[in-house]
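What follows is a single structure, written as structure tokens, with notes after it.
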There are 2 protein chains.
Amino acid sequence: MQQLKNASKLKHIVLTSHPIRPVSKPPRIHWGEINPRKRGAIVGTLTTAAHRNVIGTHSGSYSVYRALAVASGALHPNHRADLTNTFPVVPIGPHPSWGNPDRIVSLDPFGAIVDEVYADLYKQGYDIRPTIAITKAHINLPEIQDAIAKGRLAVDGKILKDGGSLVVTKVAIEPVWHLPGLAKRLDVSENELRRALFQQTGGMFPELVTHPDLQVFLPPIGGMTVYIIGDVEAITDPHRELAVRVHDECNGSDVFGSDICTCRPYLAHGLEVCTETAQAGGAGVFVYLRKEGRALGEVTKFLVYNARKRQEGGDRADAYFNRTECVAGVPDMRFQELMPDVLHWLGITQIDRFVSMSDMKYNAIVNSGIKIIHRIPIPDELIPADAMVEIAAKQAAGYYTEKTVPNLVTLGKIKGRSLSD
Amino acid sequence: MQQLKNASKLKHIVLTSHPIRPVSKPPRIHWGEINPRKRGAIVGTLTTAAHRNVIGTHSGSYSVYRALAVASGALHPNHRADLTNTFPVVPIGPHPSWGNPDRIVSLDPFGAIVDEVYADLYKQGYDIRPTIAITKAHINLPEIQDAIAKGRLAVDGKILKDGGSLVVTKVAIEPVWHLPGLAKRLDVSENELRRALFQQTGGMFPELVTHPDLQVFLPPIGGMTVYIIGDVEAITDPHRELAVRVHDECNGSDVFGSDICTCRPYLAHGLEVCTETAQAGGAGVFVYLRKEGRALGEVTKFLVYNARKRQEGGDRADAYFNRTECVAGVPDMRFQELMPDVLHWLGITQIDRFVSMSDMKYNAIVNSGIKIIHRIPIPDELIPADAMVEIAAKQAAGYYTEKTVPNLVTLGKIKGRSLSD
């Protein structure tokens, strides 16, 4: 341990705001090339600075914990991942979208197969790490068991097993941002984007402004997980139906079942629709995106809950978005414009059943060139009483509904529980 | 929108690796002072650089999304939070631990009441933001409904309502790190810690090494959520029992019910024990920490799953930790040493029922000066078949069990499902 403790002392500090002189060449990145050899490997290693061709490093936020592990001597700073047997359990892609630099800008399409396509570089000592991992799992949710008990779903022994276990392929994806593409997507200049990313994070990564040559950024944020139900090939087969839900994290409801919103009920419903669709010969894709509280974080979310419940007249659908704007400055920070990337990575061109009422998600997907046939609202019986404020406010603001959109008078009448109840 | 779009252009770039000359004074921080006025406000604002007294900024990782909101013109860079009606629904603290600079090093004890205790600074134009938010909620989990149906829990109308809703006080907490205290806790020099945090994140925040005068760091990582069941006052009352579970995030199990581990079953069991204890006149504290996959992240976790399932002899309890070490370099990066801070923030000095088998968590808590009376292992019937590999490997490595610790021969026999099943 003591030996390891001293290991980090051996390296002198290189301030990244000053140019680094490479002693050996980092791979060049040609974003949007469909041939991974021509595209070039993404190298976010910390062992050999000269090999790096990105801003930031791997594992998103968890790089901070990695730093603690090195500081405390638990981890050798030169540790290089042994990737034996870690390769994907099923192949995904390549798809034509992988060769379009504008179609995917926030993840590395080759992230799951780096040890295969860059094997020679790895042998040369480059520390190249997967940003995508593909595995299989059995998942078991009480709501799916309930759907079986109530006869809405039937055990088939292959997709849905005895006891309610659902067989899934699951994919974890870390963010990899191509800054020129991201800027284009958000309709700002790359310079403005880089400056804001630097200034508005309190000065994170000076390279954002000092190194325009580094075009790829591994941001310290959460990524996403994809749950695929049914055959992976069915996702891109035009003759087989596809159900999709893109779900933004809401820990309070997803894990703990808080009744102020519809997140967990819609999550369960989404998985049910995905299962049905897979059982009918198609596939279901459920994407879980780490964007807690509309990407404002949970502290802001709870502050807003208090402000909503305490405002004059109590928690009201007609004032639902106002309180978030007062506290956070915007009602939402999720940037759905980036979300379709994962669908393009999967090769999706048409969604038959889109399990979401969100107009922001719908527009982002359709504007990115994917066709949506049906939109599936959450069934009324799944909406908790206290979540009527949220759902009515969202319907009035443009959420998809098959019913009458609530007007201002109706909205003013829809109230939530007070804090003292 | 266009006006907002140009707002960020007006500010010229200040590279934070060079000293900033303040035009007005940032508050001085005296970490560990029990008087918040003497302790000084934590100012992580981005509107007035001269007011800042920290490295980094608020909202953890979500500051990156905030930067996108400013870049895209959706958010004015000078937005200051309107905190009207956001104050805590119940007071927590102050407790004697708040005045001990070594007892709490990873959160701001005054984080929930900044608009109260620093009201004058706020009026002077300082943009001070809460790092803690305290609200109330009703949560409803299928497992709690099941416990009621099976007669293990009874509806009392106050803590546990008809339909299985549990009334909770919940607290969201963002990380606020006092670097000298953190270094002491991890038993490294502050310089080593700062250097590792800078180097091992790919050069995040040069101020870590150029500004030793800035001792507080708001790291871009996830925080935690505390669910309190029963009276908040019962937590610190020596005559009332306290149940505690500290639960590290595992999205695959917590949300989706993956059967490869015991996370969700133990989570549900923890909430059940907390509810029982509260109903008997005590309180339950459930802490949810955002440390996915032992703080290695989900990509690493899935890579390890593949390597475990594919190794010679299949997924085996006797090789459980090895595969994580090969991929990540360490079996675990959670740094339980920091976890007890939240318990001290709550004023806890004794835990009557500790719902965890983890020796790392137990040792961290006991070494921090909190007494633990009983340890509650997960009931056997809640362990999924495929999770036997995990639980046996952990028992052999020191996890608390009331049964015989599995030996090497037994461990070698405990196998999990293969990837093709």
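The values are calculated or read from the model by the stated rules, or taken from the named source; none is laboratory data. Keep in mind that this is a model prediction, so the values were computed, not measured. Here the Cβ positions follow ideal geometry from the backbone for every residue, glycine too, while neighbour counts run over all protein chains shown. Surface accessibility is based on the protein's heavy atoms, side chains included, excluding ligands, DNA and RNA. Shrake-Rupley method; radii C 1.70, N 1.55, O 1.52, S 1.80 Å.
Overall, the protein assembly as shown carries a charge dipole of about 2000 debye about its Cα centre when +1 sits on the Cβ of Lys and Arg and -1 on the Cβ of Asp and Glu, all other atoms neutral. Mind checking the range B:97-172 for trypsin sites (Lys or Arg not before Pro) that DSSP puts in a loop (not H, G, I, E or B) and that have at most 11 other Cβ atoms within 10 Å? Passing sites in the range B:97-172 are B:Lys150, B:Lys158.
Counting only Cα atoms, the size of the range B:114-253 along its three principal axes is 60, 41, 31 Å, in decreasing order.
So for the range B:342-411, Kirkwood radius off the Cα pairs, Stokes-Einstein at 37 °C and 0.692 mPa s: how many µm² s⁻¹? For the chosen part, D equals 246 µm²/s. The gain in end-to-end length when the B:Lys371 to B:Ser189 segment is fully stretched comes to 62.6 nm, 0.36 nm per residue minus the alpha carbon separation. Taking the Cα centre of the range B:314-421 as origin and assigning +1 to Lys and Arg Cβ atoms and -1 to Asp and Glu Cβ atoms, the resulting dipole is close to 140 debye. Each residue of the range A:117-125 was assigned a 3J(HN,Hα) from its phi angle through the Karplus expression (A = 6.51, B = -1.76, C = 1.60, θ = phi - 60°), giving 7, 10, 4, 5, 5, 4, 5, 6, x Hz with x at Gly and Pro. In units of the rule-of-thumb radius 2.2 N^0.38 Å, chain B shows an alpha carbon radius of gyration of 1.06. Chain A contacts chain B over a buried accessible area of about 11000 Å², both sides summed; the probe is 1.4 Å and only protein chains count.
The relative contact order of chain A, computed from alpha carbon pairs under 8 Å that lie at least 6 residues apart in sequence, is 15 percent.
Grouping the Cα pair distances of the range B:79-121 into 5 Å bins from zero gives a pair-distance distribution of 5, 18, 26, 21, 17, 9, 4, 0 percent in increasing distance order. Highest GNM mean-square fluctuation among B:Leu107, B:Leu338, B:Leu197, for chain B modelled with Cα contacts below 10 Å: B:Leu197. Among A:Ala147, A:Ala81, A:Ala172, the largest mean-square fluctuation in a Gaussian network model of chain A (Cα springs under 10 Å) belongs to A:Ala81. Can you give the Kirkwood hydrodynamic radius of the range A:256-358 from its Cα pairs, in Å with one decimal? Here the Kirkwood hydrodynamic radius works out to 16.0 Å. For the range A:110-142, accessible area lost to neighbouring protein chains reaches 40 Å² or more, against the chain alone with a 1.4 Å probe, at A:Ala133, A:Thr135, A:Lys136, A:His138, A:Pro142.
For the range A:313-421, the set of trypsin sites (Lys or Arg not before Pro) satisfying both a DSSP loop assignment and a count of at most 13 other C-beta atoms within 10 Å is given as A:Lys403. GNM on chain B, alpha-carbon springs under 10 angstrom: the most fluctuating residue among B:Gln124, B:Gln215, B:Gln199 is B:Gln124. The solvent-accessible area of A:His269, taken with every protein chain present and a 1.4 Å probe, is close to 30 Å². Each copy carries a label point for B:Ser420 at 7 Å from Cα along the beta-carbon vector; from one copy to the others these points are 6.6 nm apart, nearest first. From the alpha carbon centroid of the range A:136-213 to that of the range B:315-342 is 24 Å.
A viscosity of 0.692 mPa s and a temperature of 37 °C, combined with the Kirkwood radius over Cα pairs in Stokes-Einstein, give a translational diffusion coefficient for the range B:168-242 of 221 µm²/s.
Each listed q (0.18, 0.20, 0.24, 0.25 Å⁻¹) maps to a log10 I(q)/I(0) for the range B:33-117 from the Debye sum over equal C-alpha point scatterers, namely -0.96, -1.11, -1.34, -1.38. Relative contact order of the range B:76-166, taken over Cα pairs closer than 8 Å and 6 or more residues apart, is 25 percent. When its C-alpha radius of gyration is set against 2.2 N^0.38 Å (N residues), the range A:222-284 gives a value of 1.24. Taking the charge dipole of the protein assembly as shown about its Cα centre, with +1 at Lys and Arg Cβ atoms and -1 at Asp and Glu Cβ atoms, the residue from A:Gly202, B:Ile228, B:Val64 reaching farthest to the positive side is A:Gly202. In the P(r) worked out for the protein assembly as shown, what percent of Cα pairs fall beyond 55 Å? Of the Cα pairs, 4 percent sit more than 55 Å apart.
Taking every protein chain into account, the accessible area of chain B amounts to 36 square angstrom per residue (probe 1.4 Å).
Measure up A:Lys394/B:Lys136; A:Lys371/B:Lys309; A:Lys38/A:Lys361 against 27 Å on the Cα-Cα distance and list the ones that go over. Over 27 Å Cα-Cα: A:Lys371/B:Lys309; A:Lys38/A:Lys361. Between B:Asp380 and B:Asp213, the simple spin-label model (points 7 angstrom out along Cα→Cβ) gives 6.4 nm.
Using Cβ point charges alone (K and R +1, D and E -1), the dipole size of chain B about the Cα centre works out to roughly 1140 debye.
What part of the accessible area of the protein assembly as shown, given as a whole %, is carbon or sulfur when the probe is 1.4 angstrom? About 52 percent, which is the carbon plus sulfur part of the accessible surface. When the GluC sites (Glu not before Pro) in the range A:337-421 are filtered for DSSP coil states and for at most 12 other beta-carbon atoms within 10 Å of their beta-carbon, the remaining sites are A:Glu402.
Treating r as the C-beta distance of B:Lys161 and A:Lys150 and R0 as 30 Å, the FRET efficiency rounds to 0.80.
For chain A, the 222 nm mean residue ellipticity estimated from helices alone, with every DSSP H stretch of n ≥ 4 adding -39500 (n - 2.57) and the total spread over all residues, rounds to -8500 deg cm²/dmol.
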